[in-house]
1. To check my understanding: the extent here is largest minus smallest coordinate of the Cα atoms along each principal axis. What are those three numbers for the range 75-140, in Å, largest first?
2. As a test of reading the structure, rank D131, D82 by solvent-accessible area (1.4 Å probe, protein chains only), most first.
3. I want the local charge near L38. Using Cβ-Cβ distances under 13 Å, sum +1 for each Lys or Arg and -1 for each Asp or Glu among the other residues.
4. How big is the shadow of the Cα convex hull of the chain, averaged over all directions, in nm²?
Amino acid sequence: MTGRAAVTVESEAETARVAGELAAALRPGAVVLLHGDLGAGKTAFVRGMAPSLGVDPDEVSSPTFALVQPYAGASVTLFHVDLYRIGGGEVEELGLDDFAADGVLVVEWAERWPRPPASAIHVRIEDLGGDRRRIVIEHP
Ligand code: ADP
Ligand code: MG
């Protein structure tokens, strides 16, 4: 699948539905790069992806201390990464590409990853006020 889809949602539940639809279409090895300000809903989006991958959404929290949080799913592992607190240059040392090989990799603050895979899916979330969010999904 290639292209760009944009949707405006009115609630966190709707964000979860959009995220779940995306997750259901992912293959092992997929990389999803999340962009958006603090509080935009990146972690909420990951939580929404979880059920489609056989992961309990309650397991998904902001990986503040552990940089990479693995959640065992039905057939793949969901690797959840948050680069918010990482220093420049350190991202390369994480070896994120290797995680991607073993499951589905989802990255918050993905713009801090200097050279993400060209095949990665980009998700941009913009807070439009209240519970309203604009979500743009780009498949290369
Ligand atoms: P981020 O990870 O981008 O910093 P979070 O997912 O941690 O953001 O927080 C998003 C906050 O916005 C949560 O408190 C969530 O309940 C709230 N929220 C309200 N409406 C939405 C929506 N439509 N989609 C996602 N989150 C929403
Ligand atoms: Mg977050």
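The values are calculated or read from the model by the stated rules, or taken from the named source; none is laboratory data. Keep in mind that what you see is a predicted model, and the values were worked out from it rather than measured. Note: ideal-geometry Cβ built from the backbone for every residue, glycine included; neighbour counts use all protein chains shown. Surface areas here come from the heavy atoms of the whole protein model, side chains and all, with no ligands, DNA or RNA. Shrake-Rupley method; radii C 1.70, N 1.55, O 1.52, S 1.80 Å.
1. 37, 32, 21
2. D131, D82
3. Once all neighbours under 13 Å are counted, the net charge is -3.
4. Result: a mean projected hull area of 7.5 nm².
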